[in-house]
Amino acid sequence: MTVPKTILVTGCAGFIGSNFVKTFSERFPETDVIGIDNFSTGRRDAVLPKIVFYEGSVLDSGLLEKVFAKHQPKYVFHFAAIPRVSYSVEHPRETTENNIIGTVALLEASKNHSVKRFVYSSSSSVYGGAAKTPTKESDNPPNPKSPYAFQKYAGEQLCQMSSELYGIDTVSLRYFNVFGPGQYGDSAYASVISGWLEAIYFPDKNKNPFIEGDGEQSRDFCYVDNVVEANILAMRHPNPLKGDVFNIAYGERTSVNQTRRLIEEMTGRKLNLEQRPTRAGDIKHSHADISKAREMLGYDPKVNFKEGLKRTIAWYQQRSDK
Ligand SMILES: NC(=O)c1ccc[n+]([C@@H]2O[C@H](COP(=O)([O-])OP(=O)(O)OC[C@H]3O[C@@H](n4cnc5c(N)ncnc54)[C@H](O)[C@@H]3O)[C@@H](O)[C@H]2O)c1
């Protein structure tokens with residue numbers, strides 16, 4: 001594949017989007033990166049200064065028309081979303097509008113401006129507690145159990161439908177519990193790793209770190225660089241992907257208790273966690289089978305959980321030293 005002249009990245013001020021932009025720009029310095037973000041959860045300081053940045057929402061069709069007409073991106077990486085399960089349970093309408101209509105608006109602009117491939121960020125939440133682990137895409141039909149999971153699944157279906165109806169090539173990547181530098185743990189919706197590290201390094205910003213249930217629940221934690229790599233591979237794939245769906249994870253699971261022990265060991269600090277009951281509807285184990293992405297996309301996650309945790313802790317440490 002030739003290196004694209006221009007790509008569009010939505011959600012470029014967010015955790016995964018900003019990591020993607022950084023790596024992509026280093027790898028393909030000749031490509032123009034156009035970014036859109038409305039800072040609903042993203043941060044101004046995460047926008048790489050050298051990209052062409054538009055502050056605004058992907059719901060704004062006028063803005064999309066202007067951006068697509070001016071820059072003619074050949075690839076769209078759609079990271080923008082309001083991405084918290086519990087927030088979506090509290091705000092079903094707002095998140096449905098943002099996450100579904102936003103995706104439709106981008107697909108429409110992509111169709112009108114002959115985008116070559118649309119790479120969509122989906123989520124393991126679409127499985128809704130997969131019947132079988134390690135979870136394979138083919139044996140576990142989606143069963144969304146929250147507005148967020150439903151919205152992500154709707155996005156996948158819209159991608160597939162757009163490939164069939166309009167011939168835009170699309171692909172959906174179902175990420176499992178992503179973590180790494182750039183993920184702040186200072187919101188009520190923070191994940192275990194970022195919430196706990198924030199509590200260790202910035203106790204003023206997360207005063208109430210907690211653990212739910214017996215801590216034996218486990219997750220397939222995936223370091224962000226692996227997810228970034230998967231997006232690049234999805235772009236480079238030589239054949240049409242036609243809305244196909246791929247699990248993107250490390251392919252191993254780690255319990256919340258093990259994660260706590262490792263964090264305490266690696267930081268040399270003790271976590272004082274409030275004990276909370278298991279969240280209603282929370283799944284016990286999440287573990288991906290990543291063989292489809294390995295075989296079809298050549299996905300080979302390089303950074304394992306411990307190494308990823310080491311790098312993430314280094315990032316927190318560095319911020320706290322400033
Ligand atoms: N972090 C994870 O573990 C995880 C797991 C599965 C899927 N995902 C998906 O990956 C993507 C990125 O997630 P993240 O963790 O980086 O979240 P994030 O909240 O850090 O980033 C999302 C970004 O999208 C922006 N945004 C939201 N709505 C927008 C709109 N209407 N217009 C423009 N910008 C908008 C936000 O301001 C933010 O910068 C999301 O689509 C999410 O659903 C994330």
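Values in this text are rule-based calculations from the coordinates and carry no lab data. As the structure is a prediction and not an experimental result, all values here were calculated from the model. Reconstructed Cβ throughout: ideal geometry from the backbone, glycine too, with neighbour counts over all protein chains shown.
Checking every one of the trypsin sites (Lys or Arg not before Pro) in the stretch 246-308 against DSSP loop status and a limit of 13 other Cβ atoms within 10 Å picks out LYS270, ARG279, LYS284, LYS302.
Expressed in units of 2.2 N^0.38 Å, where N is the residue count, the Cα radius of gyration of the stretch 196-286 is 1.41.
Each Lys and Arg Cβ is given +1 and each Asp and Glu Cβ -1; about its Cα centre, the chain then shows a dipole of about 380 debye. Helix 224-236 and the long axis of the chain differ in direction by around 20°, with both axes built from C-alpha atoms. In the chain, the DSSP beta bridges split such that about 5 percent are antiparallel, to the nearest 5.
For the chain, the residue among PHE150, PHE39, ASN140 whose Cα projects farthest onto the positive side of the dipole built from Cβ charges is PHE39. Using the Stokes-Einstein relation with a Kirkwood hydrodynamic radius computed over Cα pairs, the translational diffusion coefficient of the stretch 48-88 at 10 °C and a viscosity of 1.306 mPa s comes to 129 µm²/s. Based on the Stokes-Einstein relation at 4 °C and a viscosity of 1.567 mPa s, and on the Kirkwood radius from alpha carbon pairs, the chain is assigned a translational diffusion coefficient of 65 µm²/s. Based on DSSP H segments of at least four residues, each scored -39500 (n - 2.57), the chain has a per-residue ellipticity at 222 nm of -12000 deg cm²/dmol. To the nearest ten degrees, helix 305-321 and the longest principal axis of the Cα atoms of the chain are 80 degrees apart.
For the stretch 169-322, what D do you get in µm² per second when you plug the Kirkwood radius from alpha-carbon pairs into Stokes-Einstein at 25 °C and 0.890 mPa s? Stokes-Einstein gives a translational diffusion coefficient of 149 µm²/s. Working ranking of peptides 109-122, 12-25 by packing, defined as the average number of other Cβ atoms within 10 Å per residue, highest first, is 12-25, 109-122. Could you give the angle, 0 to 90 degrees to the nearest 10, between helix 147-166's Cα long axis and the longest principal axis of the Cα atoms of the chain? Result, in degrees: 20.
In the stretch 168-322, the DSSP beta bridges split such that about 15 percent are antiparallel, to the nearest 5.
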